[in-house]
Amino acid sequence: MPFALVGIEVTSSGSVLERSLDLIGVVVFGASGALLAVRKGFDIVGMLVLAVLTATGGGVIRDLLIGAVPPAALTDPWYLLLPVVATAAVFFLHPWFDHIRRPVLVFDAAGLALYCVIGAVKALSFGIRPIAAIGLGVTAAVGGGIIRDVLAREVPTVFRQDTTLYAVPAFLGSAATVGAWQTHTYGPPAAVVTAIVVFVIRLLSLRYGWRAPSPRPGRAGRSADE
Amino acid sequence: MPFALVGIEVTSSGSVLERSLDLIGVVVFGASGALLAVRKGFDIVGMLVLAVLTATGGGVIRDLLIGAVPPAALTDPWYLLLPVVATAAVFFLHPWFDHIRRPVLVFDAAGLALYCVIGAVKALSFGIRPIAAIGLGVTAAVGGGIIRDVLAREVPTVFRQDTTLYAVPAFLGSAATVGAWQTHTYGPPAAVVTAIVVFVIRLLSLRYGWRAPSPRPGRAGRSADE
Amino acid sequence: MPFALVGIEVTSSGSVLERSLDLIGVVVFGASGALLAVRKGFDIVGMLVLAVLTATGGGVIRDLLIGAVPPAALTDPWYLLLPVVATAAVFFLHPWFDHIRRPVLVFDAAGLALYCVIGAVKALSFGIRPIAAIGLGVTAAVGGGIIRDVLAREVPTVFRQDTTLYAVPAFLGSAATVGAWQTHTYGPPAAVVTAIVVFVIRLLSLRYGWRAPSPRPGRAGRSADE
């Protein structure tokens, strides 16, 4: 049953919804990679690499760590084809994407919500312990974006003090999923409710500018050798 | 038979050629990592790490993704020893490398040509699907260089608009290899012809300054949170 | 017997010491990640990610490469919990860490010493060849720090000419461990002596400013396409 959520079986209508959201997440994350490549002045190769790694990087790291090899990104052709399609769209239409930033952010929030739930469930179904499974859910949701930013020589967006909550709702969704699993209340209803809550928290963060806590500035943390 | 190409069996004269080109690729890619370290002002540790990761990084990622663990870089001592030798040469002789840039580029093109064919074949022989195998061939060929550039805090060379075709010939070679495999025409002749074509395209790109397409500049792609 | 060293069995008093040093290493490496995040102006998410990856990244890469999946960082909850604790401490107390730089450096040296020995032994016990096992011991010891620096957009500390010996003592300790293993003299005494020697070399490097060799500056290493 949980495997339906990770895309290995698509039989019920609930799974069709999940599958659709999953693939929308792939498109949107892929487009975010291609758009950053445009902004950085990269060529089509840079756009493609960033699109594929943003869309699949978090899931690939999760799969390597839990031993799900080859990772889903290599066994499901859509995980590679959709970022290519997103890259083609961005290549020709990128000035137009400024006009659709709001819908893109909404789809991105949907992808985030689904990736953290799917990521945690897949880790649990491979026998990973609860605490690590929470971390892997977050990794699946935000790992691709961190890889994108590192390859583009940007400070990872999720680390920045001036960005709204992103990893935090992913953490909450991942933790709630693991909690439901541990208490044997996990199932399609719990998954859907969790994903919706994550989605809403992310949208509220964007709307109201919620930010994660930051330490007071200081001179600490100097490199050991300075 | 295809395994001869991935270095597991070396029996025929064709395989000896492949093995030689493979190891030349390791030396040249290793030297490119060590040279970048010199240019960035790194010490011997930085030179060694960049040399080893440039020479082996693409293949290691491919092997992890297809489940070929431990990766070839750990089972074949030459994959570690040759980058060390290349580092030693660069350490003492690096000013002299400016005078041999042209032969280095030719060997690099040979390494690129062989790595993409080997990479795709190894992925296919591990049961990876065609589209993913194309991607893994490209990964094996250009992944090490991307790791090198990221560790040295450079924009990955293959992403830059002002660099000549590099990932594109690797993609063509990888795709041709997969096509031959799918149509049961893959074998030493197909591999050699494919590698030669990739090699020639790369050299022509250098000669005539061929570049990959780039999107029109624009302001799109602003970070979601700006 | 060697497995005691890698934390799978903790039965003897020697193993309790190793286990303690191992977990102290996790705390100290985690704190170094969190402190760098503070210095770079990251939020709590950046602190947590850097803390976890600095503490576990080197070991995770080693485990993925040798096929020890899921890696120890996912099966032992302390590997995730202690970096979280270290992050919490740094979050509230980071100005105070400037006053304890010296003890932190001593603990860091202890972690380095233990990680390189443990890393090499674990690789050997998974059947990895000697030369590769040396590399994996070094990877386990310095890999987390390199990941930390790359994510924070810093030149990796171990690559810099102005930093004291760090990877070199890890290399010596890893090589000595592999040598002892190959000559069947490896055991708790050899492990302890090796770790102590690495620890002392690292402290002497800090005390006397020992540095790794660097190549003469030059203009070599220009990117192939310039």
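The values are calculated or read from the model by the stated rules, or taken from the named source; none is laboratory data. The structure presented is a predicted model; accordingly, all values stated were derived computationally and were not measured. Neighbour counts are summed over all protein chains in view; Cβ atoms, including those assigned to glycine, are modelled from backbone coordinates with ideal geometry.
Just to verify a result, which residue in segment A:192-226, among those that are in contact with a strand residue (DSSP E or B) (Cβ under 8 Å, 6 or more places away or on another chain) and part of a loop (DSSP other than H, G, I, E, B), is modelled with the lowest pLDDT?
The extreme case among them is A:225.
When you go through B:75, B:54, B:87 one by one, which is the residue that is among the polar types (S, T, N, Q), within 27 Å of residue B:135 (Cβ to Cβ) and more than 8 Å from chain C (Cβ to nearest Cβ)? Working first, answer last.
Values: B:75 fails: more than 8 Å from chain C (Cβ to nearest Cβ); B:87 fails: within 27 Å of residue B:135 (Cβ to Cβ).
One residue alone meets the criteria, B:54.
Within segment C:169-191, take every residue that is touching a helix residue (DSSP H, G or I) at 6+ places or on another chain (Cβ under 7 Å) and among the β-branched types (Val, Ile, Thr) and give me the one that is nearest to residue C:118 (Cα to Cα).
If we take residues in segment C:169-191 being touching a helix residue (DSSP H, G or I) at 6+ places or on another chain (Cβ under 7 Å) and among the β-branched types (Val, Ile, Thr), then C:177 is nearest to residue C:118 (Cα to Cα).
Could you pull out the residue among B:83, B:70 that is more than 27 Å from residue B:155 (Cβ to Cβ) and modelled with pLDDT of 95 or more?
B:70
Give me a count of the residues in segment C:57-69 that are facing chain A (nearest Cβ under 8 Å) and either among the β-branched types (Val, Ile, Thr) or in contact with a Lys or Arg (Cβ under 9 Å, 6 or more places away or on another chain) (or both).
Summing the residues that are facing chain A (nearest Cβ under 8 Å) and either among the β-branched types (Val, Ile, Thr) or in contact with a Lys or Arg (Cβ under 9 Å, 6 or more places away or on another chain) (or both) in segment C:57-69 gives 2.
Among residues belonging to segment C:1-57 that are among the β-branched types (Val, Ile, Thr) and more than 20 Å from residue C:119 (Cα to Cα), point out the one that is modelled with the lowest pLDDT.
Top of the filtered list is C:38.
Which condition breaks for residue B:123 when tested against (1) without any contact (Cβ under 8 Å) to a residue 24 or more places away in the chain; (2) within 11 Å of chain A (Cβ to nearest Cβ); (3) over 14 Å from the mean Cα position of the chain (by Cα)?
Looking at each condition in turn, residue B:123 falls short on (1).
Restricting segment A:126-166 to residues that are among the small types (Gly, Ala, Ser) and under 23 Å from residue A:206 (Cβ atoms), which is farthest from the chain's Cα centre (by Cα)?
A:152
What's the number of the condition residue C:150 fails, among (1) within 10 Å of chain B (Cβ to nearest Cβ); (2) more than 17 Å from residue C:29 (Cα to Cα); (3) not acidic (Asp, Glu)?
(2)
So which residues in segment C:90-115 are within 23 Å of residue C:166 (Cα to Cα), facing another protein chain (nearest Cβ under 7 Å) and hydrophobic (A, V, I, L, M, F, W, C)?
Scanning segment C:90-115 gives C:97, C:105.
Which residues, taken from segment B:76-93, are more than 19 Å from the chain's Cα centre (by Cα) and more than 13 Å from residue B:51 (Cα to Cα)?
B:92, B:93, listed by residue number.
Yes or no, residue by residue, for (1) among the hydrophobic types (A, V, I, L, M, F, W, C); (2) without any contact (Cβ under 8 Å) to a residue 60 or more places away in the chain; (3) farther than 21 Å from residue B:64 by Cα:
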{"residue": "A:104", "(1), (2), (3)": "yes, no, yes"}
{"residue": "A:136", "(1), (2), (3)": "yes, no, no"}
{"residue": "A:144", "(1), (2), (3)": "no, no, no"}
{"residue": "A:160", "(1), (2), (3)": "no, yes, yes"}
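Might you check whether a residue that is closer than 29 Å to residue C:96 by Cα, basic (Lys, Arg), within 13 Å of another protein chain (Cβ to nearest Cβ) and over 16 Å from the mean Cα position of the chain (by Cα) occurs anywhere in segment A:196-208?
So far as segment A:196-208 goes, no, none of its residues is closer than 29 Å to residue C:96 by Cα, basic (Lys, Arg), within 13 Å of another protein chain (Cβ to nearest Cβ) and over 16 Å from the mean Cα position of the chain (by Cα).
Outside any helix (DSSP H, G or I), of a type outside the set (Phe, Trp, Tyr) and touching a Gly at 6+ places or on another chain (Cβ under 7 Å), is that true of residue A:83?
no
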